[in-house]
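I have placed the structure first, in the form of structure tokens, so that the comments after it can refer back to it.
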Amino acid sequence: MQEQLIALLGQPVTHSKSPQMQNLAFQALELPYRYLAFDVAPQRLKAAISGLKALGFRGANVTIPHKVAILPFLDELTPLARGIGAVNTLCYQDGRLLGDNTDGQGYLASLLEEFPHLQLEKMSVGIAGAGGAARAVAFTLAHHGIGKLYIVNRHLEKGKALADSLREWVDAEAVPFHQFQKVASKLNLLIHATPVGMSPNTEESLIPVEWLHAEMIVSDLIYNPLETRLLREAKERGALIHNGIGMLVHQGALSFERWTGLKAPVELMRECLINSLQT
Ligand code: NAP
């Protein structure tokens, strides 16, 4: 089999753990694939896409700041990527470039892996944030089926826009920050989807401790550190906790599966990420 090339398109890309994780997974399955990171400035994105096609790349990952800007250059989108309005995975199929989004599915896979008996369709879910990651997670949960979704965001209008775009699938409501404590008291799952608390600002937390209680799962999309201040405080209040590493592993595993058609070595990928975060 001829070598298959996969690109990572982003700016910056030097910090990314994906090349190490994906190349290890390809080697483990003895696949002739190679994953290469490219630092692409926004004004060069269209040319980069043409380059991938000309050079016969099999597919790509797309990261900040191109996840939305790349949409006009793609031939097709999966329904999930269209709904989310952003892509993180590209795959050539019969010469056509298909855009997909595995972030939300990666989150869901990780949540159900750690809490296999969740009955999401009965659950009240709150999400703090309305950016790209929040949108991918909220859209995927809404499609999967959840009882009710509450959104809290610094700029309320953005939270309202997200709720409006999801109402076709779920009972969704944006709530101002100062009114959220009452909502939090009845939540079964609270998802934090902003960068507040991410390394190096590890002593920060957006979520007041008064929102946290023992009947909820608190999920933080941040994976560096693995235990954020939010998760530490949630644990102290008796909540179950879920960090962002599983989402990172599973979004990568799903991308791997799109490119190769094979089941990804998830545990190896997780080990690789955890090791690289600890060094
Ligand atoms: P984004 O598109 O830039 O969105 C950022 C969100 O955070 C917005 O809702 C923004 O509110 C809010 N925000 C930012 N700074 C804030 C502050 N100081 N106070 C209150 N709200 C603030 O970013 P993203 O891509 O969604 O990423 C969000 C987080 O998810 C990051 O920590 C990222 O590392 C993590 N993430 C994890 C994974 C994973 O695989 N585990 C994948 C993707 C992202 P406004 O709308 O009001 O500006």
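Here the condition is being among the hydroxyl-bearing types (Ser, Thr, Tyr), open to solvent by 40 Å² or more (accessible area, probe 1.4 Å), out of contact with any helix residue (DSSP H, G or I) (no Cβ under 6 Å at 6 or more places or on another chain) and modelled with pLDDT of 95 or more; of Thr194, Thr260, Thr202, it holds for Thr202 alone. A search for C-beta distances below 7 Å between a residue of segment 11-27 that is part of a helix (DSSP H, G or I) and any residue that is surrounded by 16 or more Cβ atoms within 10 Å (Cβ to Cβ) and small (Gly, Ala, Ser), counting only pairs 6+ apart in sequence or on different chains, returns Ser18/Gly252; Pro19/Ala37; Met21/Gly252; Gln22/Gly252; Ala25/Ala264.
Residues of segment 27-55 that are of a type in the set (A, V, I, L, M, F, W, C) and within 22 Å of Gly99 (Cβ to Cβ): Leu36, Ala37, Phe38, Val40, Ala41, Leu45, Ala47, Ala48, Ile49, Leu52, Ala54, Leu55. With respect to the conditions (1) under 22 Å from the mean Cα position of the chain (by Cα); (2) closer than 11 Å to Ala128 by Cα, Val175 lacks only one, and its number is (1).
For segment 84-186, which helices (runs of 4 or more DSSP H) that fit wholly inside it have 1 or more residues that are more than 16 Å from the ligand (Cβ to nearest atom) and out of contact with any Ser or Thr (no Cβ under 7 Å at 6 or more places or on another chain)? It would help to see each step written out before you state the result.
Details: elements: 103-114, 132-144, 156-166, 180-184.
By residue number, 132-144, 180-184.
Annotation note: Cβ proximity below 7 Å between a residue of segment 110-136 that is without any contact (Cβ under 8 Å) to a residue 12 or more places away in the chain and of a type in the set (A, V, I, L, M) and a residue that is open to solvent by 10 Å² or more (accessible area, probe 1.4 Å) and more than 16 Å from the ligand (Cβ to nearest atom) (sequence gap 6+ or interchain) occurs for Leu112/Leu118. If you go through segment 48-83 and keep only what is buried (at least 18 other Cβ atoms within 10 Å of the Cβ) and assigned to a strand (DSSP E or B), you end up with Gly59, Ala60, Asn61, Val62, Leu77.
To keep it simple, each residue is scored yes or no on (1) in contact with a Pro (Cβ under 8 Å, 6 or more places away or on another chain); (2) within 10 Å of the ligand (Cβ to nearest atom); (3) closer than 15 Å to Leu112 by Cα.
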{"site": "Ser205", "(1), (2), (3)": "no, no, no"}
{"site": "Pro208", "(1), (2), (3)": "no, no, no"}
{"site": "Ile217", "(1), (2), (3)": "no, no, yes"}
{"site": "Pro225", "(1), (2), (3)": "no, no, no"}
{"site": "Ile245", "(1), (2), (3)": "no, yes, yes"}
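The values are calculated or read from the model by the stated rules, or taken from the named source; none is laboratory data. Predicted model only: the values in this text are computed from it and were never measured. Glycine also receives a Cβ, built like all others from the backbone with ideal geometry; neighbour counts cover every protein chain displayed. Keep in mind that these areas ignore ligands, DNA and RNA; they rest on the heavy atoms of the full protein, side chains included. Shrake-Rupley method; radii C 1.70, N 1.55, O 1.52, S 1.80 Å.
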